[in-house]
1. Quick check on this structure: which one of Val86, Val71 is closer than 17 Å to Val113 by Cα and at pLDDT 70 or above?
2. What is the number of the single condition among (1) surrounded by 14 or more Cβ atoms within 10 Å (Cβ to Cβ); (2) at pLDDT below 85; (3) in a helix (DSSP H, G or I) that Ser55 does not meet?
3. Of the residues Arg125, Arg64, only one is open to solvent by 60 Å² or more (accessible area, probe 1.4 Å) and either in contact (Cβ under 8 Å) with a residue 12 or more places away in the chain or more than 15 Å from Phe32 (Cβ to Cβ) (or both); which?
Amino acid sequence: FFFKQKTAYEIIAGDWSSDVCSSDLFPSHDSFLVYAQEARFEWGYQQFAEKKEDSALIEMVVARGEVDYLVPITIGGAYYDVNLWVESLGNSSFVMAYQVEKDGIVFAKIKTVQVMIDLASRKSRPINEVERVFLNKYLDK
C-alpha cells in the first residue's frame with residue numbers, strides 16, 4: 001500500500017509516503033483496519049514524532065474501528081492510496097477518517113477512535129497542548 005496524508009480539503013501527494021505492499025492475493029476484510037493502522041502510525045511518526053515533539057502519538061489505544069466496504073479489491077499485490085485526516089477532537093480522544101482508493105475509485109471508508117492513555121497508569125488522559133495543535137492541523141473543518 002502506498003499512502004498519502006489528506007488534509008481537510010485536499011490530498012497532498014508530496015508531503016510524505018511509505019510503501020507497504022500486501023502479499024495477499026485478495027486482501028481480507030480485516031486487512032483494511034491494518035492498512036488504516038499502518039497509515040496512522042506512519043503519519044504519526046513521520047509528521048509528529050520525528051520532529052521530536054513531546055509525544056509520539058503512540059500513547060493511545062484504538063477504542064473503536066469501523067469499515068464501510070464499498071468496492072471489493074480483487075487485485076492483490078497492487079498499491080492503493082490510504083488518505084487520512086482527523087474528523088473530530090475531544091478531551092482525551094480523537095476520531096480519524098480514512099479512504100482506501102485507487103484511480104478515483106473509493107474501495108473503503110474507515111473510522112477509528114483513539115483514546116490517549118497514560119502509559120504508567122494505563123488510564124485515559126487528556127490530549128496535551130502539543131498533540132492538540134498537531135491534530136488540529138489535520139482536522140476536517
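The values are calculated or read from the model by the stated rules, or taken from the named source; none is laboratory data. None of the values given here were measured: they were computed from a predicted structure. Cβ placement follows ideal geometry from the backbone for every residue including glycine, while neighbour counts extend to all protein chains displayed. The protein model used for the area step is the full one, side chains on, heavy atoms only, and it has no ligands, DNA or RNA in it. Shrake-Rupley method; radii C 1.70, N 1.55, O 1.52, S 1.80 Å.
1. Val86
2. Condition (3) is where Ser55 drops out.
3. Exactly one of Arg125, Arg64 is open to solvent by 60 Å² or more (accessible area, probe 1.4 Å) and either in contact (Cβ under 8 Å) with a residue 12 or more places away in the chain or more than 15 Å from Phe32 (Cβ to Cβ) (or both), namely Arg64.
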